[in-house]
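Right, one structure below, let's go through it.
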Ligand SMILES: Nc1ncnc2c1ncn2[C@@H]1O[C@H](COP(=O)(O)OP(=O)(O)OP(=O)(O)O)[C@@H](O)[C@H]1O
Ligand SMILES: [Mg+2]
Ligand SMILES: [Zn+2]
C-alpha cells in the first residue's frame, strides 16, 4: 500500500473560454494584461470563465468552491460533468483507468458512461435536474437504468431506500416533484444523484432560493449523507456560510482564477487574499 493517498479527482491547467479568443488574450501571463478587463478581452470580447485551474479532491472530502457571481463556478462544475467542453486542461478520475487517462480527451460515449456510473450532479435549479412530470420514483429509476439496473423489483427497492435517506415519505414515491416544495424537490434531486452510488457528487448552488430553515435541513442532510456514504463532494456557492457549514477545504475563485486554496477553517479565520477578506468580512 502506498503511503501517499492518491486523489479521487485531479484537475490540471483547466481553461474555459467563451468566444474565439485572439492574440491579445490567449497569452496567459500572471502579470496584468492591459488588453483584459478582468476575465474579458477588450479586443475580441472573449470571456475566460476559468483560467488555469489546478486542484485535487481526496476520498471522502468535501471541497467548497466559492466566488461572486460570474467568477466561473458553474462553468467549472458543468465541465466536470461534461456538460461543457473545456478549452484546455486535464481531468483525472482515480476510478477510471487508475487515474492515468485524461477523461476530457475521452469519447462522448465514455463521458456518458462516467456521468452514469462515476458522477452525480445536483443542479441549482431542480427543473433542470428532474423531470417534473415523472413520478419521484421514476426520476430515480431513470438514473438507475442509465447505470445498467434492469430488475424492476431492485429498482423499486433502491428508490424506496433513497427516498427514505432524503426523508421523503415513501408513500409519496408516485407523486411528481412538481407537486413538492422547493426543499423536497432538492431532496429528490439528491436521491437521484446518489442512485448509482457515485464516488463523486457535484452540488450546484442547491440552496439558492430556499427559506433559511429549509436550507438548513438540506445542508444537514448533505452532511449526514457524506458521513454515512463517505462520498466525495464538490459544493459550489457564493455563500460563505454554506461553505463554512459543509466543507473541509475551499477554493476561492475570482474572475476565473483560484486566488486562495486551503482549509476552510483557516480561510475563514485568516483570509490571505484581499478578495477573500472582502467575502469573509461581508459574512460577519
Ligand atoms: N454560455 C455562455 N456564453 C458566454 N459566456 C458565458 C456562458 N456561460 C457563462 N459565461 C460567462 O462566463 C463567466 C462565468 O460564468 P459562470 O456562470 O461560470 O459564473 P458563476 O460563478 O457560476 O456565477 P453565478 O454565481 O452568477 O452563478 C461569466 O462572465 C459569464 O458571463
Ligand atoms: Mg453559477
Ligand atoms: Zn481577445
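Numbers for the structure displayed
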quantity: Failed criterion for residue 69 (all others in (1) within 16 Å of ligand 2 (Cβ to nearest atom); (2) touching a strand residue (DSSP E or B) at 6+ places or on another chain (Cβ under 9 Å); (3) farther than 28 Å from residue 116 by Cβ hold); calculated: (2)
quantity: Qualifying residue in segment 257-278 (condition: in contact with a helix residue (DSSP H, G or I) (Cβ under 8 Å, 6 or more places away or on another chain), within 16 Å of ligand 2 (Cβ to nearest atom) and at pLDDT 95 or above); calculated: no
quantity: Residue match in segment 23-34 (condition: modelled with pLDDT under 95, crowded, with 20+ Cβ neighbours inside 10 Å, farther than 23 Å from residue 280 by Cα and touching a helix residue (DSSP H, G or I) at 6+ places or on another chain (Cβ under 7 Å)); calculated: no
quantity: Selection from segment 72-104 of residues that are surrounded by fewer than 16 Cβ atoms within 10 Å (Cβ to Cβ) and either within 12 Å of ligand 1 (Cβ to nearest atom) or free of Cβ contacts under 8 Å to residues at least 12 places away in the same chain (or both); calculated: 83, 85, 97, 98, 100, 101
quantity: Answer from 206, 243 - the residue that is surrounded by 22 or more Cβ atoms within 10 Å (Cβ to Cβ), at pLDDT below 90 and under 30 Å from residue 274 (Cα atoms); calculated: 206
quantity: Test: residue in segment 225-235 that is more than 21 Å from residue 95 (Cα to Cα) and modelled with pLDDT under 95; calculated: no
quantity: Options 242, 235, 231: the member that is closer than 17 Å to residue 58 by Cβ and within 16 Å of ligand 2 (Cβ to nearest atom); calculated: 235
quantity: Yes/no for residue 225 being under 23 Å from residue 126 (Cβ atoms), touching a residue at least 24 places away in the same chain (Cβ under 8 Å) and in a strand (DSSP E or B); calculated: no
quantity: The listed residue being within 24 Å of residue 228 (Cα to Cα), away from ligand 3 (no atom under 16 Å from the Cβ), part of a helix (DSSP H, G or I) and in contact with a helix residue (DSSP H, G or I) (Cβ under 9 Å, 6 or more places away or on another chain), out of 164, 205, 157; calculated: 164
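The values are calculated or read from the model by the stated rules, or taken from the named source; none is laboratory data. All values reported here derive from a predicted model rather than from experimental measurement. All Cβ positions, even for glycine, are placed from backbone atoms using ideal geometry, and neighbour counts span all protein chains on display.
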